[in-house]
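What follows is a set of notes on a single structure, which appears directly below.
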Amino acid sequence: MGIDRRRRASMALTLNFLALFLAVSALTTSYWCEGTRKVVKPFCTGPFTATRQSFCIRFNSSNLNDTRLVQYIWETGEDKYVMRKFHTGIWFSCEQNMNMTGENCRSFLNVAPSNERD
């Protein structure tokens, strides 16, 4: 006439352990949210290489340190942007490096500027 008492207790215990395991894995993973983000390409620095050229914007100037210098970009549309993948959870956020090799992860404890941390 139904499940006996011992079987119900073991099923309840098993389901509680399963719920605990899923909760712990949800808190420790950084794959809650995944996606891509449109990021503006930085200006190229250093010597010219063909593989690196697709991840940065070149401009013709002899003085890279002059902040008053107007920098003209002759690329149009989507050529100025890179689509970078990211994934995030409660404690960590990871984003692909600009050259699309590897990823850079950081803790949410380090997101705030150092002068605002307690």
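The values are calculated or read from the model by the stated rules, or taken from the named source; none is laboratory data. Computed from a prediction, not measured in an experiment: that's the story for all the values here. Virtual Cβ from ideal backbone geometry, glycine too; neighbours counted across all protein chains shown. Areas reflect the complete protein model, heavy atoms only, side chains present, ligands, DNA and RNA absent. Shrake-Rupley method; radii C 1.70, N 1.55, O 1.52, S 1.80 Å.
Observations, loosely collected:
- Selected residue (only one of Val40, Val24, Val70, Val82 is touching a helix residue (DSSP H, G or I) at 6+ places or on another chain (Cβ under 9 Å) and either β-branched (Val, Ile, Thr) or at pLDDT 85 or above (or both)): Val40
- Output for region 11-34, where each listed residue is open to solvent by less than 60 Å² (accessible area, probe 1.4 Å) and aliphatic (A, V, I, L, M): Ala12, Ala19, Ala23, Ala26
- Test: residue in region 95-115 that is farther than 27 Å from Phe55 by Cα, part of a loop (DSSP other than H, G, I, E, B) and small (Gly, Ala, Ser): yes
- If you go through region 103-118 and keep only what is surrounded by 12 or more Cβ atoms within 10 Å (Cβ to Cβ) and in contact with a Lys or Arg (Cβ under 9 Å, 6 or more places away or on another chain), you end up with just Glu103.
- Hits in region 87-102 (condition: open to solvent by 50 Å² or more (accessible area, probe 1.4 Å) and over 23 Å from Cys44 (Cβ atoms)): Ile90, Trp91, Phe92
- Thr76, sole failed condition from (1) touching a strand residue (DSSP E or B) at 6+ places or on another chain (Cβ under 8 Å); (2) at pLDDT below 85: (1)
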